[in-house]
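Below is one structure, written out as structure tokens, with a few remarks after it.
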Amino acid sequence: MIRADLLITECRLATMVQGGEPYGAIEDGALLIEDGRIGWVGARADLPEHSAAKIHSLDGRWVTPGLIDCHTHLVFGGDRSGEFEQRLGGATYEEIARAGGGIVSTVKVTRAASEDTLFASAMARLKGLTDTGVTTVEIKSGYGLDTESELKMLRVARRIGREASVRVRTSYLGLHAVPPELKADRGQYVDKAVDDILPAAHAEGLVDAVDAYCEPIAFTVQEVGRLFDKARALGLPVKLHADQLSDGGGAALAARYNALSADHVEHTTEAGIRAMGQAGVVAVLLPGAFLMLRETQAPPVGLMRRYGVEMAVASDCNPGTSPVASMTAALNLACVQFRLRPEEALAGATRVAAKALGLADEIGTLEAYKAADLAVWDIERPAELAYWLGKPLLKARYLGGIAAQP
Ligand code: DI6
Ligand code: FE
């Protein structure tokens, strides 16, 4: 006899469990929720003996795992719509970055902003994500680039996790750009990020993972390696912005350090993809940045399938390259630009995204014992989640079994 807090019934389930029906679908399904977790999930006809304090009947609607946005820069000051206009006028992202704009211009505004201001602007963007079914979001630092400002960003991210109805995982992205005051001595900045900022953020419990931007306009494989050695010493998992604008050996570096994920990977070579497959590194595809930068070389999706590299899809919400605050838009862009199948894209925003955050045992599929994080949709087929661009599809969200606020 299962004593449940909630029975969710008369619904179609896209469990996203592999190996059975497409989408792990159960046509006439039900879920029993106990203590914020899925106690039982299956066909309604097989419901075990139970008592439920409450019943939510969903009128045949589709239920998926709550979506997981595993790569965002949600917290930042200002915006870069002016640079967007410059790029439309012909300037490239690299030219703007090398001329002192780009990430560094967001750093100036972020440093000057209060925690309350950063919190409020991030919450407005978060609404775009939660309105498209997100229940877990990863948030990076990287627009502070000094101890005080990096910790400020990470504290804001933690506050979002406490005050908003969403789970938050943080990443320390100190090696995002060289701060203007240390432009003449980048080695000194790398030392500081590795020896001071990361340990200080970790000591305050602000870091779930360590990220870096490995790119000729950012940091080298050697510099990132130093940071990753420190992360390893502190027992923190790593991930990497790899091979976005050029092939810099980022995927192989991520594989060497058993990273959770290598993200972007547009320019990764076959050897890099093979190394990722062998090390079980997830490829996080970021089609919003690809769109906004008008990139032409798509990530090697065929090679990823061949070498068994699992693909996640994320918004990369950031002011420079991906002002995208919708997870369903990210699904659409991944399908249209990278030719993912809608089922692959949805897996990339659920099961595989959970793996990319090291949370595969906790969230990402509708399975007994996982957290009861759910999205309920007004759709007839799961492929619609990747098909519509901009149509509101979400009916409800549940976070830990509780109907969540938008
Ligand atoms: N993530 C990043 O860190 C950079 N690109 C990306 O996809 C740039 C972020 C920015 O320009 O602010
Ligand atoms: Fe990014």
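Matching residues to (1) open to solvent by 50 Å² or more (accessible area, probe 1.4 Å); (2) within 16 Å of TYR23 (Cβ to Cβ):
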position: VAL336; (1), (2): yes, no
position: ARG339; (1), (2): yes, no
position: ALA347; (1), (2): no, yes
position: VAL352; (1), (2): no, yes
position: ALA372; (1), (2): no, no
position: LEU389; (1), (2): yes, no
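In segment 295-307, is there at least one residue being in contact with a strand residue (DSSP E or B) (Cβ under 7 Å, 6 or more places away or on another chain), under 22 Å from LYS355 (Cβ atoms), of a type in the set (Gly, Ala, Ser) and modelled with pLDDT of 95 or more?
No: segment 295-307 contains no residue that is in contact with a strand residue (DSSP E or B) (Cβ under 7 Å, 6 or more places away or on another chain), under 22 Å from LYS355 (Cβ atoms), of a type in the set (Gly, Ala, Ser) and modelled with pLDDT of 95 or more.
With the structure loaded, tell me whether ALA251 is of a type in the set (Gly, Ala, Ser) and surrounded by 22 or more Cβ atoms within 10 Å (Cβ to Cβ) or whether it fails that test.
yes
Which of the residues belonging to segment 54-90 are open to solvent by less than 30 Å² (accessible area, probe 1.4 Å) and either of a type in the set (Phe, Trp, Tyr) or part of a loop (DSSP other than H, G, I, E, B) (or both)?
Within segment 54-90, the subset open to solvent by less than 30 Å² (accessible area, probe 1.4 Å) is 58, 60, 62-77, 80, 83.
Scanning segment 54-90 gives TRP62, GLY66, CYS70, HIS71, THR72, HIS73, LEU74, VAL75, PHE76, GLY77, ARG80.
Only residues that are within 18 Å of the chain's Cα centre (by Cα) and either modelled with pLDDT under 95 or charged (D, E, K, R) (or both): list them for segment 245-263, please.
ASP263
Does ALA330 fit the bill of being among the hydrophobic types (A, V, I, L, M, F, W, C), within 13 Å of the chain's Cα centre (by Cα), within 18 Å of TYR213 (Cβ to Cβ) and within 13 Å of ligand 2 (Cβ to nearest atom)? Working first, answer last.
Values: among the hydrophobic types (A, V, I, L, M, F, W, C): yes; within 13 Å of the chain's Cα centre (by Cα): yes; within 18 Å of TYR213 (Cβ to Cβ): no; within 13 Å of ligand 2 (Cβ to nearest atom): yes.
No.
Scanning for something hydrophobic (A, V, I, L, M, F, W, C), open to solvent by 40 Å² or more (accessible area, probe 1.4 Å) and within 14 Å of ligand 1 (Cβ to nearest atom), does segment 290-308 turn up at least one residue?
Scanning segment 290-308, I find at least one residue that is hydrophobic (A, V, I, L, M, F, W, C), open to solvent by 40 Å² or more (accessible area, probe 1.4 Å) and within 14 Å of ligand 1 (Cβ to nearest atom), so the answer is yes.
Hey, could you check segment 261-277 for residues that are surrounded by fewer than 22 Cβ atoms within 10 Å (Cβ to Cβ) and in a loop (DSSP other than H, G, I, E, B) and say which is farthest from ligand 1 (Cβ to nearest atom)? Spell out the reasoning first.
If we filter segment 261-277 for residues that are surrounded by fewer than 22 Cβ atoms within 10 Å (Cβ to Cβ), which is where we start, we get 267, 269-271, 274, 277.
Now drop any that are not in a loop (DSSP other than H, G, I, E, B), which leaves 267, 269.
Details: HIS267: 13, THR269: 20 Å.
Among residues in segment 261-277 that are surrounded by fewer than 22 Cβ atoms within 10 Å (Cβ to Cβ) and in a loop (DSSP other than H, G, I, E, B), the one farthest from ligand 1 (Cβ to nearest atom) is THR269.
Write out, first by first residue and then by second, each pair whose Cβ atoms fall under 7 Å of each other, whose residues are 6+ apart or on separate chains, and whose first residue, in segment 48-62, is under 23 Å from MET1 (Cα atoms) while the second is open to solvent by less than 40 Å² (accessible area, probe 1.4 Å) and modelled with pLDDT under 95.
These pairs meet every condition: PRO48/ILE2; HIS50/ILE2.
Among the residues of segment 52-87, how many are within 30 Å of HIS176 (Cα to Cα) and more than 16 Å from ligand 1 (Cβ to nearest atom)? Walk me through it before giving the result.
Step one: of segment 52-87, the residues within 30 Å of HIS176 (Cα to Cα) are 66-87.
Narrowing the set further to residues that are more than 16 Å from ligand 1 (Cβ to nearest atom) leaves 66-68.
Adding up the residues that qualify gives 3.
Confirm whether GLU266 is out of contact with any His (no Cβ under 9 Å at 6 or more places or on another chain) and under 25 Å from THR132 (Cβ atoms).
yes
Could you run through segment 91-101 and say how many residues are surrounded by fewer than 21 Cβ atoms within 10 Å (Cβ to Cβ), of a type outside the set (A, V, I, L, M, F, W, C) and touching a residue at least 40 places away in the same chain (Cβ under 8 Å)?
Of the residues in segment 91-101, 3 are surrounded by fewer than 21 Cβ atoms within 10 Å (Cβ to Cβ), of a type outside the set (A, V, I, L, M, F, W, C) and touching a residue at least 40 places away in the same chain (Cβ under 8 Å).
The values are calculated or read from the model by the stated rules, or taken from the named source; none is laboratory data. Keep in mind the model is a prediction, meaning the values are calculated, not measured. Quick reminder, even Gly has a Cβ in these numbers, built from the backbone with ideal geometry, and neighbours come from all protein chains shown. For accessibility, only protein heavy atoms count, side chains too; no ligands or nucleic acids. Shrake-Rupley method; radii C 1.70, N 1.55, O 1.52, S 1.80 Å.
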